[in-house]
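The values are calculated or read from the model by the stated rules, or taken from the named source; none is laboratory data. Everything quoted here is computed from the prediction, not taken from an experiment. Ideal geometry is used to build each Cβ from the backbone, glycine not excepted, and the neighbour counts take in all protein chains shown.
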Amino acid sequence: MTQYPHLLAPLDLGHTTLKNRVLMGSMHTGLEETGDWNRVAEFYATRARGGVGLMVTGGMAPNREGGVFPGAAGLFKDSDIENHRTVTTRVHEAGGKIAMQILHAGRYAYGQECVSASAIKSPISPFVPKELDEEGIEKQISDIVTAAVRARDAGYDGVEIMGSEGYFLNQFLVSHVNRRTDRWGGSYENRMRLPVEVVARVRQAVGQDFILIYRISLIDLVPNGSTWDEVVQLAHGIEAAGASLLNTGIGWHEARVPTIATSVPRAAFAHLTGRLRGAVGIPVITSNRINTPDVGEELLANGVADMVSMARPFLADPDFVAKAATGRAKEIAPCIACNQACLDHTFSGKLTSCLVNPRACHETILTYAPTAAPKRVAVVGAGPAGMMCAIVAAKRGHSVTLFDAAKTLGGQLNLARQVPGKEEFDGLVTWFADEVTRLGVETRLCRAVDVADLMQFDDVIVATGVTPRDPGIPGQERALGYIDVLKGAPVGKRVAVIGAGGIGFDVAEYLVAGGHSTTLHPAEWRREWGVGDPAVTPGGLADPAPEAPAREVWLLQRKAEKPGRGLGKTTGWIHRAALHAKGVKMQGSINYDRITDEGLWITRDGKAELLPVDDVVLCAGQVPERGLYDRLVAAGVKAHIIGGADVPAELDAKRAIDQGARLAAEL
Ligand code: FAD
Ligand code: NAP
Ligand code: SF4
């Protein structure tokens, strides 16, 4: 008897049956744009082999004007079909099913040619879209239909029509973006005409035996967004037009409410899918911050949805479903919703990958082949770099011993997990520790290792990490370090944090939260961020009502730029907004003069002043811990160095894990 009877139950769609209730949601990986379709095919085939019921590709533009950026992949031409067929053939050979997402970006398209319902620029784009005339609208519909027909010819099992997240079809639905007075604007019947027409025409063109998913925005999270009645009215129209499944979209891209970041509670928006499910006859799919089989199972068992969509979890572990189905759920590498190697890469024009799984999107390039010559390998330092290196080396057949001076595995991840909103790091440390055990890595903890301990190994890997930088501020012996604070040292009510990097921001969040994380309390989190009910306010926005901060905090840096500029591309704004809501004073251009019993003396704009704080916390960056490596080299021992011990600048767990995996793949 499986632990996940609902998740693993087949879903009969009439003309075809999905083998389970798990959908891999659409992700733009950037692979198609490399032109290496073998690599694209391997990405999807790997996940098909891992047992997922149905996959949706990254968004494919139906025409040039609808592409998210110039040169974005699409299915504009018949000559594109062959490339896509490589993917579908390989997926089918692997026993999977795949639908192609058709994504028309409308005014979100990053280019002069962008089009929309009205000529209204989005707050996240520099381009004013061209308002479509009747002929222009017909062209968009017909291009979407043609793309769907080509998808069918290319062997896809279906298409998903992207109607949420503020993209083209969604833009027609809301009056502040659609100011038209013709049959495509004005009343809601007119505004919903385009998505319904698109679905009807696609269904007519592709026939009945083809999966047609429509992704519907359940809560726009923008002012004057759709009301719940409108969402339901649209869902009825889409169902009548011939959709097979309704997938869930949450929030427009321009929304100022986080919807998938790690601090968003798990399944925070699933209740809305549950509400829609009661109102329509076709199966509905729930999504957003679902990352374990247990969460998926619970949602399905409670009747919230007919399927669950997970996207990033399939970057972290392509074998998610197979492991869940064979009693190995504990082995699933967890997606911690950090966005660091996926969305941050996508929005920086880089290839997508995954912090936890550097093989994601590099399946054909980074392989962990069994070794023909097993070695005795010592890894010193059980932070993410060392743990990943040990795991991959052991997986390849080497005999690995992992040393750490601390009494637990995890290195600095054990500090990260103390930060409210970063609870997902708990699961990551647990997964690493379980894998270390499962793969037979010998661990030796509570022991600072030196050269003499390492002489009998064939390969020594130094992953000793970093230590806090000494900022040399007069009186700093009165200050606390971030390690003390995150390990629970008492801190006063008024606090200055020196250094506004990733750790400074995390420490500030820890200090204002006062030991309480709203990420673990969805209703409180929704209040904090102003997530209301679209049945009460259009778009589901409410006035944010954060709890009062536990402390008065100053977050300081020497640079003149806005604090937080170096934070994650897609998550930095969330950290800044969260601290702003808690009244944290984020200030740059600060010179630290001295710390006294009165507080922190600073100079700003040439003027000396006292911040009358009870405590100062040092988060002034880090320096590499290279002592052991230098001693090994001096002793003539061949050693490798990875992670923070190698280069501390711009170090994060993503780089540490990637470096550990790549070295182990070569040993
Ligand atoms: P470390 O994690 O520093 O591990 C080094 C290990 O080596 C330690 O366990 C240490 O005990 C051991 N060691 C050292 N010398 C010896 C010796 N001689 N013998 C035996 N053992 C030894 N990164 C992200 O990517 N995303 C985040 O959201 C994030 N948040 C963070 C939040 C906080 C509060 C902190 C502190 C860090 C955060 N980081 C984050 C950074 C991330 O944790 C580090 O970049 C990463 O842990 C560095 O990995 P590492 O393996 O190189 O070193
Ligand atoms: P960091 O991002 O490099 O920030 C160091 C901070 O210290 C900066 O604000 C810097 O600003 C200040 N500083 C540097 N030298 C100083 C000095 N001599 N005196 C006083 N202030 C000084 O490093 P970090 O915050 O320690 O974080 C370490 C790594 O962990 C980062 O690279 C980060 O990527 C990672 N991390 C990531 C996350 C995440 O959410 N992704 C979270 C936490 C940590 P000024 O020089 O302007 O003063
Ligand atoms: Fe998940 Fe982070 Fe990997 Fe993206 S990079 S898939 S958010 S763990």
Quiz item: On the given criteria, is residue 334 modelled with pLDDT of 95 or more, farther than 19 Å from residue 666 by Cβ and either touching an Asp or Glu at 6+ places or on another chain (Cβ under 7 Å) or assigned by TED's automatic domain parsing to the domain that holds residue 50 (or both)?
Solution: yes
Practice problem: Determine which member of the set 226, 217 is part of a loop (DSSP other than H, G, I, E, B) and under 31 Å from the mean Cα position of the chain (by Cα). | Solution: 226
Exercise. Evaluate the following for residue 328: is it surrounded by 19 or more Cβ atoms within 10 Å (Cβ to Cβ) and either out of contact with any Leu (no Cβ under 8 Å at 6 or more places or on another chain) or charged (D, E, K, R) (or both)?
Key: no
Quiz item: Exactly one of (1) in contact (Cβ under 8 Å) with a residue 60 or more places away in the chain; (2) of a type in the set (Val, Ile, Thr); (3) within 27 Å of residue 466 (Cα to Cα) is unmet by residue 584. Its number?
Solution: (3)
Quiz prompt | Matching strands (runs of 3 or more DSSP E) fully within region 448-535 where at least 2 residues are in the same structural domain as residue 589 (by TED's automatic domain parsing), more than 16 Å from ligand 1 (Cβ to nearest atom) and within 21 Å of residue 553 (Cβ to Cβ) | solution = 494-498
Quiz item: Just checking, which of 429, 436 is hydrophobic (A, V, I, L, M, F, W, C) and farther than 30 Å from residue 575 by Cβ?
Solution: 436
Exercise. State whether the residues of region 306-323 include one that is under 19 Å from residue 413 (Cβ atoms), of a type outside the set (Gly, Ala, Ser), touching a residue at least 60 places away in the same chain (Cβ under 8 Å) and surrounded by fewer than 22 Cβ atoms within 10 Å (Cβ to Cβ).
Key: no
Quiz item: Which residue out of 29, 57, 46 is farther than 22 Å from residue 283 by Cα and not in a loop (DSSP other than H, G, I, E, B)?
Solution: 46
Exercise. Within region 397-421, work out how many residues are out of contact with any Leu (no Cβ under 9 Å at 6 or more places or on another chain) and more than 29 Å from residue 575 (Cβ to Cβ).
Key: 3
Quiz prompt | Qualifying position, being surrounded by fewer than 17 Cβ atoms within 10 Å (Cβ to Cβ) and at pLDDT below 95, among 488, 492, 566, 472 | solution = 566
Quiz item: Does any residue of region 540-562 turn out to be out of contact with any helix residue (DSSP H, G or I) (no Cβ under 8 Å at 6 or more places or on another chain), surrounded by 15 or more Cβ atoms within 10 Å (Cβ to Cβ), closer than 17 Å to residue 418 by Cα and not β-branched (Val, Ile, Thr)?
Solution: no
Practice problem: Would you list the helices (runs of 4 or more DSSP H) that sit entirely within region 368-445 and hold 3 or more residues that are outside the structural domain of residue 487 (by TED's automatic domain parsing) and under 26 Å from residue 637 (Cα atoms)? | Solution: 384-395
Quiz item: Quick one: what pairs do we get from region 265-277, first residue at positive phi, second surrounded by fewer than 22 Cβ atoms within 10 Å (Cβ to Cβ), C-beta under 6 Å, 6+ apart or different chains?
Solution: 267/295
Quiz item: Which of the residues belonging to region 393-411 are surrounded by fewer than 22 Cβ atoms within 10 Å (Cβ to Cβ), touching a residue at least 40 places away in the same chain (Cβ under 8 Å) and over 21 Å from residue 666 (Cα atoms)?
Solution: 405, 406
Practice problem: Out of the residues in region 592-637 that are touching a helix residue (DSSP H, G or I) at 6+ places or on another chain (Cβ under 6 Å) and within 17 Å of residue 485 (Cβ to Cβ), state the one that is farthest from ligand 1 (Cβ to nearest atom). | Solution: 595
Quiz prompt | Output for region 628-667, where each listed residue is among the small types (Gly, Ala, Ser) and either within 26 Å of residue 559 (Cβ to Cβ) or in contact with an Asp or Glu (Cβ under 9 Å, 6 or more places away or on another chain) (or both) | solution = 639, 643, 644, 645, 649, 653, 656
Quiz item: So which residues in region 394-424 are closer than 16 Å to residue 503 by Cβ and charged (D, E, K, R), if there are any at all?
Solution: 417, 422
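Yes/no per residue for (1) surrounded by 16 or more Cβ atoms within 10 Å (Cβ to Cβ); (2) on the phi > 0 side of the Ramachandran plot; (3) hydroxyl-bearing (Ser, Thr, Tyr); (4) at pLDDT 95 or above:
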| residue | (1), (2), (3), (4) |
| --- | --- |
| 77 | no, no, no, no |
| 91 | yes, no, no, yes |
| 103 | yes, no, no, yes |
| 128 | no, no, no, yes |
| 136 | no, no, no, yes |
| 140 | yes, no, no, yes |
| 143 | yes, no, no, yes |
| 147 | yes, no, no, yes |
Practice problem: Could you list all residues from region 360-387 that are more than 11 Å from ligand 3 (Cβ to nearest atom) and either of a type in the set (Asp, Glu) or crowded, with 22+ Cβ neighbours inside 10 Å (or both)? | Solution: 363, 377, 378, 379, 380, 381, 382, 383, 384, 385, 386, 387
Quiz item: From the list 302, 288, which residue is of a type in the set (S, T, N, Q) and surrounded by fewer than 24 Cβ atoms within 10 Å (Cβ to Cβ)?
Solution: 302
Quiz prompt | Failed item, numbered, when residue 218 is tested on (1) more than 29 Å from residue 123 (Cβ to Cβ); (2) in contact with a strand residue (DSSP E or B) (Cβ under 9 Å, 6 or more places away or on another chain) | solution = (1)
Quiz item: Can you spot a residue in region 314-335 that is farther than 16 Å from residue 260 by Cα and within 16 Å of ligand 2 (Cβ to nearest atom)?
Solution: no
